[in-house]
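One structure is given here, and the rest of the page talks about it.
The values are calculated or read from the model by the stated rules, or taken from the named source; none is laboratory data. None of these values were measured; they are calculated from a predicted model. When we count neighbours, we look across all protein chains shown, and the Cβ atoms used for this are built from the backbone with ideal geometry, even at glycine. For accessibility, only protein heavy atoms count, side chains too; no ligands or nucleic acids. Shrake-Rupley method; radii C 1.70, N 1.55, O 1.52, S 1.80 Å.
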Amino acid sequence: MCGELLSDLGPLQQRVAAVLALWPWRAPVLAFELDAEWGVERAALESLFELAAAPPGDQSDRALRRAIADLCTAPLFTSEVEPDTIQLFQLETISGLLTFGELLDTPGADVAERVIEGSAGLAAYLDDLVEGSLHSHPAEKTHREYLANLAGTVAEGYFASRNSAVESAGHRLVRTSPDTAGVLDSSAGRELLARCENLGEEFVTTMRWLRVTGH
C-alpha cells in the first residue's frame, strides 16, 4: 500500500492497516523457539500482537506502550548472536512491532508505510529463499497454479502475491471502516485476521521446510 493511499486514511485506520500487514507474521514469530540470549518471552510477543489488534482506547494504548517499553529493555538489543534464517524473520517481525508502536505517539502515513513495506519485504525474501533452494518446494505445483490464475497481473512470487492480496483486502476494509474502529470491532475485520493467520501458517510450513533442507 503506497504512502499516497495511506495518507487518505485517518490515524486509527492507518493503525489497522499496519496491524493487518503484521498479522501474517504472528505465526512465524511464535511458532519457532526464540533465542534464549534475546531475553524475549513468547507470551510477551503474543500479548503485543493482541494489544495491537485490540480496539483503540486509553487503557489498551497504555498497555501497548508498557509492553513495547518492556520489550525494548530485553537483552535482544545488545545481543551479538548471528541470526539464522528463521531468527532473521523473527527479528524483522519484532522490528515491525516496534515500528507499529511509534504510531501511538507519532501517527502518520510514513510510519504505517514502513510497517507495511517491511512485511511485504519479508514475503518477497521468503520467495527468494524458496526459488534459490536446490530442493523443490512441496507445494510448488499449487504455487504455480495460483500465480497462473492471476493471468500475469503481478510480477511477484507466490508469497509476495499472497501478501499483496491480503494487503489489498486490508485497504478495502479500512476504507469502509470508521476511524474509531479496531481490527476486532467487526466480523469483516475478524475474518481478515483469520485470512492473515492462514497465510502465516503457510509461512511457517515453508520455513520449517527451509530449515530441514539446510537454510
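Summary table below
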item	result
Test for Leu45: is it touching a residue at least 24 places away in the same chain (Cβ under 8 Å), in contact with a Cys (Cβ under 8 Å, 6 or more places away or on another chain) and farther than 15 Å from Cys196 by Cβ	no
Condition check for Leu199: touching a Lys or Arg at 6+ places or on another chain (Cβ under 7 Å), open to solvent by less than 20 Å² (accessible area, probe 1.4 Å) and either assigned to a loop (DSSP other than H, G, I, E, B) or in contact (Cβ under 8 Å) with a residue 40 or more places away in the chain (or both)	yes
Any hit, segment 15-29, residues being out of contact with any helix residue (DSSP H, G or I) (no Cβ under 7 Å at 6 or more places or on another chain) and of a type outside the set (S, T, N, Q)	no
Residue check for Ala27: open to solvent by less than 30 Å² (accessible area, probe 1.4 Å), assigned to a helix (DSSP H, G or I), aliphatic (A, V, I, L, M) and at pLDDT 95 or above	yes
